[in-house]
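The values are calculated or read from the model by the stated rules, or taken from the named source; none is laboratory data. Computed from a predicted structure; not experimentally measured. Counting neighbours? That spans all protein chains shown, and the Cβs are built from the backbone with ideal geometry, glycine included.
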Amino acid sequence: MTHEQFVIVGAGLAGAKTAEALRAQGHSGGLVLIGDEADHPYDRPPLSKEYLTGKSGRDKVYVHPRDWYAEQGVDLLLGRTVTGIDREARTVSLSSGTDIPYAKLLLSTGSRVRALPVPGGDSTALLTLRRLGDSDRIRGALETVRHLLIVGAGWIGLEVAAAARAADVAVTILEAAELPLLRVLGPEIARSFADLHTDHGVDLRLGASLSEIIIEGDRAVGVRLADRSTISADAVLVAVGILPNIELASAAGLDTDNGITVDAGLRSNDPDIFAAGDVASAFHPKLGRHIRVEHWANALNQPEVAAANMLGAHREFDRLPYFYTDQYDLGMEYLGYVEPGGYDDVVIRGDLTGRQYLAFWTNNGRVLAGMNVNVWDVVDDVRAVIESGAQIPRERLADPSVPLTGLI
């Protein structure tokens with residue numbers, strides 16, 4: 001098995017780390033990594049953080065140096081589009097007409113930005129942020145524009161807003177919900193992120209209903225709201241979420257449902273095809289359900305399990321979801337998983353107003369998720385609290401004098 005050819009479709013972080021894991025775990029056969037971008041695999045978090053702000057150079061975003069792939073015997077095919085999978089013949093087809101055989105196949109096809117369903121919502125004049133070139137385009141805009149309008153107050157929209165304010169660019173954010181990050185954090189914590197941005201001069205307009213993006217020539221110059229009022233700007237960024245790239249898998253007859261459906265071992269309904277990263281809707285053994293996580297940590301950590309199972313092991317991916325953000329002087333890490341309305345209390349430990357605290361989402365006293373804001377080196381302790389499943393009295397959870405390790 002280790003001498004057969006394995007193919008990875010999708011040359012992002014998940015694809016690159018799967019190639020790395022396969023070699024580390026003893027796969028000595030052919031290894032092909034196919035991507036539709038010209039750049040070799042890179043990390044996405046810097047695109048809205050330190051690379052966007054100019055704090056780190058382009059060389060820092062890449063997963064491996066370019067020559068690593070040749071050194072490891074990885075056939076890196078960039079700028080190539082995979083048009084189909086023949087499961088019976090066990091080949092993938094390229095747009096060039098070439099068919100590439102596989103013994104095992106991993107799909108790490110990632111996701112794409114969601115377009116706004118309004119006039120002008122799919123214009124190339126809009127800024128979006130998904131790829132390295134997008135970040136370069138936004139960097140260029142922040143050097144020239146005076147007013148940036150952002151549609152969407154999710155993580156990408158808020159991180160770009162922070163970068164724009166650091167560049168002394170005026171920012172208006174339009175968000176359809178009552179608060180930014182409301183679905184993710186709930187009203188108790190979402191309010192603090194709204195305050196963070198308004199304190200830094202952002203014009204945050206909540207409950208906004210957009211009817212049109214105004215395009216003049218090759219520029220987006222503003223928006224029209226449902227009440228027919230307009231907001232002018234020098235550039236418009238749309239950041240209203242992403243969609244998983246499931247079309248290739250679906251056309252091949254693989255099970256899909258908001259992602260490629262895979263088991264805890266990241267196997268699809270075809271035992272020779274696996275999925276990892278943004279596109280994988282994986283069964284989580286600790287949560288007892290399928291989840292699709294659109295964050296860096298899954299793309300980083302799932303490949304080790306996928307590679308092991310491609311090589312014949314029977315491992316499960318059971319790490320709790322993790323993500324982080326940096327905005328202005330606020331740094332945050334979030335661990336765990338909770339659906340909107342799936343908790344009955346949010347417990348704060350520390351100073352919410354001063355933005356130095358821990359927050360715990362609980363149900364019947366059991367911690368489902370935890371977030372540390374400007375408090376560091378606690379993720380492992382928070383993980384232990386969540387995984388313990390212990391019922392913890394609210395007053396102990398909220399008391400900073402009680403060590404996290406003492407809660408269980």
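Residue by residue, here is whether (1) in a loop (DSSP other than H, G, I, E, B); (2) farther than 25 Å from W155 by Cβ holds:
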residue: H314; (1), (2): yes, yes
residue: P340; (1), (2): yes, no
residue: I348; (1), (2): no, no
residue: T353; (1), (2): yes, no
residue: V367; (1), (2): no, no
residue: G370; (1), (2): no, no
residue: D381; (1), (2): no, no
residue: I386; (1), (2): no, no
residue: L397; (1), (2): no, yes
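Which residues, taken from the stretch 52-76, are touching a Lys or Arg at 6+ places or on another chain (Cβ under 8 Å) and within 12 Å of R131 (Cα to Cα)? Answer for the stretch 52-76, where residues must be touching a Lys or Arg at 6+ places or on another chain (Cβ under 8 Å) and within 12 Å of R131 (Cα to Cα): just L52.
Would you tally the residues in the stretch 8-49 being in contact with a Lys or Arg (Cβ under 8 Å, 6 or more places away or on another chain) and either free of Cβ contacts under 8 Å to residues at least 12 places away in the same chain or farther than 30 Å from A167 by Cα (or both)? Looking only at that region, the number is 4.
To keep it simple, each residue is scored yes or no on (1) within 19 Å of R90 (Cβ to Cβ); (2) outside the structural domain of H295 (by TED's automatic domain parsing); (3) outside any loop (DSSP other than H, G, I, E, B).
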| residue | (1), (2), (3) |
| --- | --- |
| T18 | yes, no, yes |
| L22 | yes, no, yes |
| L33 | yes, no, yes |
| Y51 | no, no, no |
| G54 | no, no, no |
| K60 | no, no, yes |
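Among the candidates G350, G354, the residue that is within 30 Å of P403 (Cβ to Cβ), among the small types (G, A, S) and either in the same structural domain as A275 (by TED's automatic domain parsing) or in contact with a strand residue (DSSP E or B) (Cβ under 7 Å, 6 or more places away or on another chain) (or both) is uniquely G350.
Output the residues belonging to the stretch 277-299 that are more than 11 Å from the chain's Cα centre (by Cα) and surrounded by fewer than 23 Cβ atoms within 10 Å (Cβ to Cβ). First the steps, then the outcome.
In the first step, residues of the stretch 277-299 are kept if they are more than 11 Å from the chain's Cα centre (by Cα); the result is 280-291.
Across the stretch 277-299, the qualifying residues are S281, F283, H284, P285, K286, L287, G288, R289, H290, I291.
Any residue at all in the stretch 248-255 that's in contact (Cβ under 8 Å) with a residue 60 or more places away in the chain, closer than 17 Å to T18 by Cβ, aliphatic (A, V, I, L, M) and outside the structural domain of V223 (by TED's automatic domain parsing)? For the stretch 248-255, residues in contact (Cβ under 8 Å) with a residue 60 or more places away in the chain, closer than 17 Å to T18 by Cβ, aliphatic (A, V, I, L, M) and outside the structural domain of V223 (by TED's automatic domain parsing): present. For the stretch 208-226, the tally of residues that are modelled with pLDDT of 95 or more and among the acidic types (D, E) stands at 2.
Can you pull out the residues in the stretch 72-112 that are of a type in the set (A, V, I, L, M, F, W, C) and buried (at least 18 other Cβ atoms within 10 Å of the Cβ)? Within the stretch 72-112, V74, L76, L77, V82, I85, V92, I100, L105, L106, L107 meet the criteria.
Could you please give the count of residues in the stretch 46-71 that are surrounded by fewer than 16 Cβ atoms within 10 Å (Cβ to Cβ) and not basic (K, R)?
Start the filter on the stretch 46-71 by keeping residues that are surrounded by fewer than 16 Cβ atoms within 10 Å (Cβ to Cβ), which leaves 54-60, 65-67, 70-71.
Okay, now just the ones that are also not basic (K, R), so 54, 56-57, 59, 65, 67, 70-71.
So the count comes out to 8.
One residue alone among L182, L196, L204, L225 is closer than 23 Å to S123 by Cα and either in contact (Cβ under 8 Å) with a residue 60 or more places away in the chain or outside the structural domain of T353 (by TED's automatic domain parsing) (or both), and that residue is L225. Note on the stretch 71-108: residues that are part of a loop (DSSP other than H, G, I, E, B), under 22 Å from V305 (Cβ atoms) and within 24 Å of the chain's Cα centre (by Cα) total 1.
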